[in-house]
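The values are calculated or read from the model by the stated rules, or taken from the named source; none is laboratory data. Every value quoted in this text rests on a predicted model; they were computed, and no experiment measured them. Quick reminder, even Gly has a Cβ in these numbers, built from the backbone with ideal geometry, and neighbours come from all protein chains shown.
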Amino acid sequence: MIRSLKAFVLHVPSLSVGLTFMTLSILFGSWLARLPEIQARLSLSDGYLGIALLGLPFGSLTAAPLAAWLLKRIPTGSAASWSTLVACTLIVLPPLANNLWTLTASLALLGLAVGTMNVSINTAAAGIEKAYRIRIMSVCHGMFSLGAMIGAGSSGLIAMADWPLLYHLSGVAIVLVSLQMLIRPILLELPNEEAEEAAFAMPPKAIWGVALIGFCIMMGEGTIADWSAVYLTKTLHSNPFVAGLGYAGFSLAMAMGRFYGDVIRQVIPAKKLLLFGSLIGALGLALALVVPVPALAVLGFSIAGLGFSTLVPILFSVGANTPGVMPGVGVAAVASAGLLGILIAPPLIGFISEYFGLRIGLTFVVTMALFAAYLSKRVKID
């Protein structure tokens, strides 16, 4: 088992996959931090922005069967590399959008690419775990969160320098394509791991509670990713650099929690982690909303990231080990519930914000985190 970040870095196949996870999140962090700029340029209300943001998870949902089909026909490393190159290329599409519908379409196409990439790299990580008898999944997801922090943080600085968004994302794409070409020979030699057929699964009754917790938590994660920069810009009147720090701080805290998630789980039982993590996430979000100070809002989003950091890996583990439920069915059910939360969050928050303000819209997510804490006390988790 890889027990430290140093050991992970020294294991070249694991590091190559971890860097690909980071590539995916740098792409996301780079453009999400500048989402307020796209909203202003296209004169979109919060409600219409919510509709446009729906394109990304819709494309990702469509990618699940495509990725499974692809992984049955080409090696895992090749699928991971090619999907990464395509995703890096398509990141320049959102800045080219000139209205609501072209933005939605561009995000759907980007979602299709990154969804295929997401399945491919997670499958590659699973193949490494099986072939080398090590555990790297938690660290890989930590690398994802670290990349999101890098992308969002750097985007704030670049926005402050008044770089046009198209030039910014084109530069990001060039850097990440270059990185991918450097590690591509390593990825092509990875052990092959065929993906299971992906489908949107209705949770079995034995796992409804766990799936519902996943729905609440992943709705919170998706909301912070999509709306933190908009909240800091429009509601708290922050400059572009501070607006980018909201998601950057959230991602950094997520990375820290996930890097040490396996150690934390050895000390604190999963049931208590779900309870405490949900409460901490709700507390952080409440701080960001109640005190209208940008620095405290960034701190609040960071606290939320720390609270949420270990929850999704725990839920997947519980889903895979629920008595009477096949592991693949349990994981698919939790993933499907979480994806549903991510799908619902953008338009729901947008519509609430349209009529009651963005602060009220984000308060709904605080309520969902508290509901997750309540459910964690009710569900049976060993």
Only one of Ser170, Ser138, Ser145 that is small (Gly, Ala, Ser) and at pLDDT 90 or above: Ser170
Checklist (1) small (Gly, Ala, Ser); (2) part of a helix (DSSP H, G or I); (3) under 18 Å from Leu35 (Cβ atoms) applied to Ser238, failing item: (2)
Any hit, segment 5-23, residues being at pLDDT 90 or above, closer than 25 Å to Ala243 by Cα, surrounded by 19 or more Cβ atoms within 10 Å (Cβ to Cβ) and aliphatic (A, V, I, L, M): yes
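Per-residue answers, yes or no, for (1) basic (Lys, Arg); (2) surrounded by fewer than 24 Cβ atoms within 10 Å (Cβ to Cβ); (3) in a helix (DSSP H, G or I):
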site	(1), (2), (3)
Ala255	no, no, yes
Lys271	yes, yes, yes
Ile280	no, yes, yes
Leu299	no, yes, yes
Gly307	no, no, yes
Val318	no, no, yes
